Amino acid sequence: MDAVFDGQCGFCTRAVGWVRRLDRHHRIAFHPFQDPLTLDAFRLSHEEARSAVWALTDDGGRFRGARAIAAILDTAVGGRFFATFYRIPGVGRLQEAVYSWVAAHRYRLPGVSPWCTEHPQDCSAAVPGAGCAL
């Protein structure tokens, strides 16, 4: 699975770190959308990538927002719990609402040094990156 996130967001970068620790079998490749190759490789527009985290599966699945988080967590732990929970009537809608709130308040949430600050070779200065998505 591939996950596209905002590499200029400290909260997003912290979340990627948490998931990487859960992903003991290295099933997920994380890509900051500021990488000049990421948007074309995953057929995402700048606005799509800037507005939400994306999970892209090997079988063509494309998930954004809270649904992407569920897919990423399921892949990391090797189960189906999070997607199953997401599909319970009303739960997915609630998770999307929480996701939207987090995205809107991302700069007030604790983070770490953003990915693009720590790994500038992975990010392009030519790609505007305002807005955290994870």
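The values are calculated or read from the model by the stated rules, or taken from the named source; none is laboratory data. These numbers were taken from a predicted model, which means no experiment stands behind them. Note: ideal-geometry Cβ built from the backbone for every residue, glycine included; neighbour counts use all protein chains shown. Just the protein is used for accessible areas: all its heavy atoms, side chains included, with ligands, DNA and RNA removed. Shrake-Rupley method; radii C 1.70, N 1.55, O 1.52, S 1.80 Å.
Table for the structure above
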| read-out | value |
| --- | --- |
| Residue in the stretch 21-38 that is over 18 Å from Arg106 (Cβ atoms), hydroxyl-bearing (Ser, Thr, Tyr), open to solvent by 10 Å² or more (accessible area, probe 1.4 Å) and in contact with a helix residue (DSSP H, G or I) (Cβ under 8 Å, 6 or more places away or on another chain) present | no |
| Failed criterion for Phe63 (all others in (1) crowded, with 21+ Cβ neighbours inside 10 Å; (2) more than 15 Å from the chain's Cα centre (by Cα) hold) | (2) |
| Residue within the stretch 71-88 that is exposed (fewer than 12 other Cβ atoms within 10 Å of the Cβ), of a type outside the set (S, T, N, Q) and under 15 Å from the mean Cα position of the chain (by Cα) present | no |
| The stretch 39-50, residues that are under 23 Å from Glu96 (Cα atoms), surrounded by fewer than 19 Cβ atoms within 10 Å (Cβ to Cβ) and not hydrophobic (A, V, I, L, M, F, W, C) | Arg43, Ser45, His46, Glu47, Glu48 |
| Identity of the residue in the stretch 89-127, surrounded by fewer than 17 Cβ atoms within 10 Å (Cβ to Cβ) and basic (Lys, Arg), that ends up modelled with the highest pLDDT | Arg93 |
